[in-house]
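The values are calculated or read from the model by the stated rules, or taken from the named source; none is laboratory data. Quick caveat, the model's predicted, so the values are computed rather than measured. Quick reminder, even Gly has a Cβ in these numbers, built from the backbone with ideal geometry, and neighbours come from all protein chains shown. We work out accessible area using only protein heavy atoms, side chains counted, and drop any ligands, DNA or RNA first. Shrake-Rupley method; radii C 1.70, N 1.55, O 1.52, S 1.80 Å.
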Amino acid sequence: MAESLEFTVAKFTFTIPTGCLYRPDGLWVRHQDGRVVVGLSDYRQQRDGDVAFVELVPPGTIVDRGQPFGTVETIKVDYELPAPLAGTVVEVNERLELEAELINQEPYGAGWLIVMEPANWLVEKDDLLPAEIYRDLAQAQAQEEL
């Protein structure tokens, strides 16, 4: 994995790769080859607990920024996944159908959620947070929840 930032709250350590951009709600985005890979941050997956089930829209689905592209069910909570950018979902992580726990085990690796072809990357990327700012936000949220 590329360089990462870390923070520790109580007995929990959270990793935040610097090669990703983040939504305040804990989705990460990694731009590569004109597409973006999207997943749940280490902080988000640890906070929400063990993932039991993931449902994602099929490839070819066009989503607007903020529109749900899937749902996650954990032992603690169920929630919708808002698209970090507008674009077309071109690939979904089919392994999650049988191995949803990959999100907890490898949130920045095998636990990725979708690949998108962004409609307007150059404009919308500016609405995402760099790793340093997301780390500070996540750390404040984690300390608040203690």
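Here is how the numbers come out for the structure above:
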item: Given (1) farther than 25 Å from residue 18 by Cβ; (2) open to solvent by 40 Å² or more (accessible area, probe 1.4 Å); (3) among the hydrophobic types (A, V, I, L, M, F, W, C); (4) outside any strand (DSSP E or B), index of the condition residue 100 fails; result: (2)
item: Residue list for segment 44-64, filter: in contact (Cβ under 8 Å) with a residue 60 or more places away in the chain and either open to solvent by 50 Å² or more (accessible area, probe 1.4 Å) or part of a strand (DSSP E or B) (or both); result: 47
item: Complete set of residues in segment 120-132 that are more than 13 Å from residue 41 (Cα to Cα), of a type in the set (A, V, I, L, M) and either touching a Pro at 6+ places or on another chain (Cβ under 8 Å) or touching a residue at least 40 places away in the same chain (Cβ under 8 Å) (or both); result: 128
item: Considering residues of segment 19-43 that are of a type outside the set (A, V, I, L, M, F, W, C) and part of a strand (DSSP E or B) only, the residue surrounded by the most Cβ atoms within 10 Å (Cβ to Cβ); result: 39
item: Complete set of residues in segment 116-129 that are open to solvent by less than 40 Å² (accessible area, probe 1.4 Å) and over 16 Å from residue 19 (Cα atoms); result: 116, 118, 124
item: Looking only at segment 2-18, and only at residues there that are in contact (Cβ under 8 Å) with a residue 24 or more places away in the chain and in a loop (DSSP other than H, G, I, E, B), the one that is farthest from the chain's Cα centre (by Cα); result: 10
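Matching residues to (1) in a helix (DSSP H, G or I); (2) over 13 Å from the mean Cα position of the chain (by Cα); (3) under 19 Å from residue 24 (Cα atoms):
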| position | (1), (2), (3) |
| --- | --- |
| 70 | no, no, yes |
| 80 | no, no, yes |
| 84 | no, no, yes |
| 88 | no, yes, no |
| 96 | yes, yes, no |
| 110 | no, no, no |
